[in-house]
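Here is the structure we will look at.
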Amino acid sequence: MARKTANDFDPKVLKLFDLYVHGDVDRRAFLDRVARLGLGVGGAAAVIKALNPRFAEAEQVKKDDSRIIGTRAEFPSPNDYGTVSGYLVKPANLAGKAPLVLVVHENRGLNPHIEDIARRLALANFIAFAPDALAPLGGYPGDEDKARELFQKLDQTKTRNDFLAAAIALKSLPDGSGKVGVVGFCYGGGITNLLATKIADLGAAVPFYGAQPASEDVKNIKAPLLLHYAGNDERINAGWPAYEAALNDAKVNYQAFVYPGVQHGFNNDTTPRYDEAAAKLAWGRTIDFFNAQLRG
């Protein structure tokens with residue numbers, strides 16, 4: 001069976017799915033609304049199944065790939081949930097010290113796709129750490145719907161501070177160079193923008209379709225930014241004009257790219273919203289940016 005793409009779905013369905021995965025409508029409301037578009041109950045159930053991720057089919061780097069070493073790791077976060085737990089991956093044949101990248105997941109915790117992203121970074125000769133915000137609640141449950149439900153139970157102030165603690169802890173890893181970058185996707189893109197306002201010596205930040213920080217905080221950004229936006233993403237893009245103005249006013253070093261005609265989540269190759277051309281271009285730019293900002 002040929003892999004489905006965003007073009008196989010009614011744009012109204014894709015907008016509803018975006019609301020669903022971000023908690024603005026529940027599963028029943030999503031199914032009801034899709035059914036009313038003429039697909040019926042059975043068609044709506046088929047749509048949600050088709051749009052959900054298929055992790056194994058998209059995996060690019062196996063966990064047991066001999067070129068990398070992946071382990072579970074913990075760092076202290078004493079003022080919040082107490083401990084930040086996640087997946088630490090480094091090149092197997094590390095020569096000297098490597099730059100470090102914090103990988104911030106979407107609103108479902110540390111799922112297999114984000115683990116794969118961390119491994120891809122390790123193959124590019126970075127040390128990557130992907131925390132699991134759901135660790136205080138037992139960790140990513142292996143089911144996307146359950147993960148979203150758990151995510152809503154987190155204390156977001158504590159969670160944000162845990163990501164901050166993780167980024168700071170990475171600076172001291174013995175195999176690391178001390179230069180830290182952050183990349184995040186969707187929810188994680190918003191956290192990436194936030195961390196850029198909080199960490200004065202952050203080496204680089206790359207938010208993919210992330211919510212923008214408060215305009216009054218933009219003046220605190222010292223790290224260079226590489227911003228990726230999807231052309232068909234009204235919800236996130238609505239905040240871009242104000243962010244752009246604040247970045248320019250604060251004279252922040254940034255590059256911003258809008259990828260025309262693609263959906264929110266276009267980099268996630270486990271779902272039909274994935275756009276291969278845009279994702280490859282954005283990921284290549286990301287690796288080049290981290291190499292330029294975090295090495296030397």
Q.
I'd like the orientation of helix 156-170 relative to the chain: the angle between its Cα long axis and the longest Cα principal axis, in ° from 0 to 90, rounded to 10.
A. 40 degrees
Q: Report the charge-dipole magnitude of region 1-99 in Debye, nearest 20, computed about the Cα centre from +1 at each Lys and Arg Cβ and -1 at each Asp and Glu Cβ.
A: 220 debye
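With charges set only on the Cβ (+1 for Lys and Arg, -1 for Asp and Glu), what does the dipole of the chain come to about its Cα centre, in debye to the nearest 20? Spell out each step's value before the answer.
Details: 35 positive and 34 negative charges, 69 e Å.
So the dipole magnitude of the chain works out to roughly 340 debye.
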Q) Going out from 0 in 5 Å bins, what whole percent of all Cα-Cα distances in region 4-63 drops into each bin? A) 4, 18, 28, 22, 12, 8, 5, 2, 0
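Tally up the carbon and sulfur contribution to the accessible surface of region 23-71 as a whole percent, 1.4 Å probe, everything protein left in place. If you can, show how the numbers build up before the last one.
Numbers: 1590 of 3220 Å².
In region 23-71, the share of accessible area belonging to carbon and sulfur is 49 percent.
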Q) Among 256, 163, 95, which residue has its Cα positioned farthest towards the positive end of the charge dipole of the chain, with +1 placed on the Cβ of Lys and Arg, -1 on the Cβ of Asp and Glu, and the dipole taken about the Cα centre? A) 95
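If you count only protein heavy atoms with a 1.4 Å probe, what accessible area per residue comes out for region 130-175, rounded to a whole Å²? List each step's numbers first, then the result.
Working: 2130 Å² over 46 residues.
On a per-residue basis, region 130-175 sits at 46 Å².
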Q) In debye, nearest 20: dipole of region 89-181 around its Cα centre with unit charges on the Cβ of K, R (+) and D, E (-)? A) 420 debye
Q | q = 0.12 Å⁻¹: log10 I(q)/I(0) that the Debye formula gives for the chain, counting C-alpha atoms only | A | -0.76
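What is the local net charge at residue 105, summed over the other residues whose Cβ is closer than 10 Å to its Cβ (Lys, Arg +1; Asp, Glu -1)? Show your work: numbers first, answer last.
On the way: positive: 108; negative: 106, 115, 132.
Surrounding charge for residue 105 is -2.
The values are calculated or read from the model by the stated rules, or taken from the named source; none is laboratory data. Note that the structure is predicted; figures quoted are calculated from it, not measured. Please note: Cβ atoms are built from the backbone with ideal geometry, for glycine as well, and neighbour counts cover all protein chains shown. Protein only, heavy atoms only, side chains kept; ligands, DNA and RNA dropped before computing areas. Shrake-Rupley method; radii C 1.70, N 1.55, O 1.52, S 1.80 Å.
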